[in-house]
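To start, the structure itself, in structure tokens.
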Amino acid sequence: MSRMNISDYQKEGDQPTLLITSDIVVVHEGIIREKPSSKEEARQFLKGYSGGHVSTVGGVVVTNLTTGKKLGSLDKAEVYFHDIPDEIIENLIDEGVVFRVAGGLLLEHPLVLPFVEAVVGSSDSVMGLSKDLANKLIHEALLA
């Protein structure tokens, strides 16, 4: 926000311009997990989820650049897993995609999906952005 020239968006008669930002953290046993930094850390994360559960907390902020109003909220979800075989964990690590996501958590990956027992909350929230929350904040920001 500090690098943007907000006055460019506050001209009279202009249509509202919205800035949508979001981020997500993965929480396992009360500890926030960032992107795994090594194969061993990725292995530890994934084995920890196996037969257990993990939570995600996503934040969404919608700023109406025309009015300067900023609205934000959090969305939480939980994912419960069946036991994940070591072979699947090793394949995920070898693919490398687990190193690009918070907590190495890949709900939508075809290797992971068969081991998802349940999702409490929305799956799009687990994958990075709650569509329902974003839509709600967008509508509110347009009225702000």
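Counting only alpha carbon atoms, the long axis of helix 39-49 and the longest principal axis of the chain meet at about 90°.
Given the chain, what count of lysine pairs have C-alpha atoms under 17 Å apart, with each pair 8 or more places apart or on different chains? Provide the component values of the computation, followed by the final result.
Values: Lys11/Lys69; Lys35/Lys47; Lys39/Lys47; Lys69/Lys136; Lys70/Lys136; Lys76/Lys131; Lys76/Lys136.
Lysine pairs, 8 or more places apart or on different chains, close enough: 7.
With coordinates expressed along the principal axes, the C-alpha atoms belonging to the stretch 16-142 extend over 52, 27, 27 Å, beginning with the largest. Computed per residue of the chain from DSSP H runs no shorter than four, each worth -39500 (n - 2.57), the mean residue ellipticity at 222 nm is -7500 deg cm²/dmol. Solvent-accessible surface of the chain, averaged per residue with a 1.4 angstrom probe and all protein chains in place: 58 square angstrom. FRET efficiency for the Lys69 to Met4 pair, using the beta carbon distance and R₀ = 25 Å, is estimated at 0.95. Between helix 131-143 and the chain there is an angle of about 10 degrees, using the helix long axis and the longest principal axis of the Cα atoms. Stokes-Einstein diffusion coefficient for the stretch 14-89 at 37 °C in a medium of 0.692 mPa s, Rh from the Kirkwood formula over Cα pairs: what value in µm²/s? So the translational diffusion coefficient is about 222 µm²/s.
Counting only protein heavy atoms, what percent of the accessible surface of the stretch 74-126 is carbon or sulfur at a 1.4 Å probe?
Carbon with sulfur: 54 percent of the solvent-accessible area.
Per-residue Karplus couplings for the stretch 55-63, computed as 6.51 cos²θ - 1.76 cosθ + 1.60 with θ equal to phi - 60°, are listed in order as 10, 10, 10, x, x, 10, 10, 10, 10 Hz, Gly and Pro entered as x.
The values are calculated or read from the model by the stated rules, or taken from the named source; none is laboratory data. All values derive from a computational prediction rather than experimental measurement. Note that we place each Cβ from the backbone using ideal geometry, even for glycine, and neighbour counts take in every protein chain shown. The protein model used for the area step is the full one, side chains on, heavy atoms only, and it has no ligands, DNA or RNA in it. Shrake-Rupley method; radii C 1.70, N 1.55, O 1.52, S 1.80 Å.
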